[in-house]
Amino acid sequence: MYSPINPKVEALAFMLAQHFQSPFPDGLVMRLGEGWEGNNIEAISSWRRAHEEMTGKELFIDESKCDVHREKSVTDTIEEAANRLSQHLQDQVEQIWDRQPCPFPSPQPFMPLVKLTHTEGMKMAHALLEILAGGLPLTTLEHHCLMSLPGEGDASHRLAQWIDEQAAQYVYHPSELTLPLAHDLVSSLFNDFYP
C-alpha cells in the first residue's frame, strides 16, 4: 500500500509525472503501482520503489549522498527516469497489441482471492484505456467501447462495468489484473481482428 516517501523523491516523481500527458489523473495507478495509489504521482513513486528493489539501483539520486564532482543534475536524473518509464509503458502496450500471453494470477494456498472494488474498477478502466490508446487514438478506442460494451455512461463507465462482469480476482494487489484484462479487452473489442 502507498506510504509517504522522501519529499525530494516525491518532488522528482511530480516532475516526472509532468512528462506524461495522461488523459486520466489515475491512469498510471494500475499500470505502475500496486493499485491502491490515489493518483499518477503516487503510482510513479511506487514504480520507483519497486524498480529499486528489483534492480538494487536507485532510480532517483539522493543528492545528499553524492560527491559534488559525480553528482548528476536533477534534469539528467529526470530525463533518465522518464526514458525508463516511457520504455516500461511502451513495453506494456506492445505486449497487449502483439497478443503476448498475459495469464491471470494463480490462486495461492492460504491467500484469499479478492475482487476489485468499484473505485479500483474505475482506475483499471482508465489504465486499460491508456494501454490500448498506445495502439490507436483514444477517441477511436472510446468509440469502440461505446459501440461494443453494454451498459450506460461514457467509455470509462462502460469499461468499468465490463471489468466488474469479468469477476477477475487478484492475489496480492489489484494491478496484477491489468495486463490480463487488457488482453481480454482487445479480444472483446476487436474480435474480428484478434480471435
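No value in this document is a laboratory result; all are computed from the given coordinates. Source: prediction; values computed, not measured. Don't worry about glycine lacking a Cβ; one is built from the backbone with ideal geometry, like all the others, and counts go over all protein chains shown.
Length available on full extension from residue 98 to residue 11: 0.36 nm per residue minus the Cα-Cα distance, which gives 27.8 nm. Remark: spin-label model distance residue 152-residue 21 equals 3.4 nm, labels positioned 7 Å along the Cα→Cβ axis.
Placing a label point 7 Å from the Cα of residue 91 along the Cα-to-Cβ line, the residues of the range 14-53 whose backbone N sits under 11 Å from it are 51.
Starting from the exponent 0.38 and prefactor 2.2 Å, build the expected Rg for the range 114-154 from its residue count and divide its actual Cα Rg by it. Present the calculation step by step, with values, prior to reporting the outcome.
Numbers: Rg = 11.2 Å, N = 41, 2.2 N^0.38 = 9.0 Å.
Taking the Cα Rg and dividing by 2.2 N^0.38 Å, one obtains 1.24.
Going by the alpha-carbon gyration tensor, a ≥ b ≥ c the square roots of its eigenvalues, is the range 75-114 rounded (a/c under 1.5) or, if a/c is not under 1.5, prolate (a/b greater than b/c) versus oblate?
Details: a/c = 5.69, a/b = 1.82, b/c = 3.13.
Oblate, because a/c is 1.5 or more while a/b does not exceed b/c.
When you restrict to C-alpha pairs under 8 Å that are six or more residues apart and normalise by the size of the range 76-158, the relative contact order lands at 25 percent.
Could you sort 77-84, 137-144 so that the peptide with the highest average Cβ count within 10 Å comes first and the rest follow in order? Before the final figure, lay out the partial values.
On the way: 77-84: 16.2, 137-144: 14.5.
Most protected by this proxy first, the peptides run 77-84, 137-144.
Averaged over residues, the count of other Cβ atoms within 10 Å places the peptides 15-22, 146-153 in the sequence 15-22, 146-153, highest first.
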